[in-house]
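Below is one structure, written out as structure tokens; the observations come after it.
The values are calculated or read from the model by the stated rules, or taken from the named source; none is laboratory data. Owing to the predicted nature of the structure, the values given are computational and were not obtained by experimental measurement. Neighbour counts are summed over all protein chains in view; Cβ atoms, including those assigned to glycine, are modelled from backbone coordinates with ideal geometry.
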Amino acid sequence: MSASENLIDALDQLHEGVERLACGGVDTLTSQALSRLVADTATLYAAAAQSAGYLPALDAEGYSSTDAVVLISALMESQNLNTFDLALWLSRIPSRAGVRS
């Protein structure tokens, strides 16, 4: 099995775990495990964006705007970033192929 196939299988298992937690499952997720998950996801997305040269589109299905803002806030706080820093980064990266924001 290739590395990308292993990653896809792991992502499928992760999604199943998230669904169980959302439905009141008994699984627990430690702060350390959650931090590792978010860090790995951010690193994977950033590598894909750098390789593509733009921000790959994300499907908005499965999470709310509030969920997105909560995660954005936590990521910014963890890296000691503010909205000015965010605006600078957003001005540098096209949001999709050939289109600058």
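Odds and ends about this structure:
- Among the residues making up the stretch 24-64, those that are hydroxyl-bearing (Ser, Thr, Tyr) and farther than 18 Å from Leu90 by Cα are Thr28, Thr30, Ser31, Ser35, Thr41, Tyr63, Ser64.
- Taken over the stretch 76-98, the criterion of being surrounded by fewer than 12 Cβ atoms within 10 Å (Cβ to Cβ) and not in a helix (DSSP H, G or I) is satisfied by Gln79, Asn80, Asn82, Ala97, Gly98.
- The single condition among (1) assigned to a helix (DSSP H, G or I); (2) surrounded by 10 or more Cβ atoms within 10 Å (Cβ to Cβ) that Tyr54 does not satisfy is (1).
- Filter result for Leu55 (on the phi < 0 side of the Ramachandran plot and either out of contact with any strand residue (DSSP E or B) (no Cβ under 8 Å at 6 or more places or on another chain) or at pLDDT 90 or above (or both)): no
- First in the stretch 1-17 and farther than 12 Å from Leu44 by Cβ and in a loop (DSSP other than H, G, I, E, B), second anywhere and among the aromatic types (Phe, Trp, Tyr) and at pLDDT 80 or above, Cβ under 9 Å, 6 or more apart: none
- Close contacts from the stretch 33-62, counting a first residue that is under 17 Å from Gln79 (Cα atoms) and a second that is of a type outside the set (A, V, I, L, M), with Cβ to Cβ under 9 Å and a gap of 6+ residues or different chains, come to Ser35/Ser78; Val38/Ser78; Ala39/Ser78; Tyr45/Pro56.
- Flag for Ser73 being exposed (fewer than 12 other Cβ atoms within 10 Å of the Cβ) and assigned to a helix (DSSP H, G or I): yes
- Lone qualifier among Asp67, Asp59 - being in a helix (DSSP H, G or I), of a type in the set (Asp, Glu) and out of contact with any Lys or Arg (no Cβ under 6 Å at 6 or more places or on another chain): Asp67
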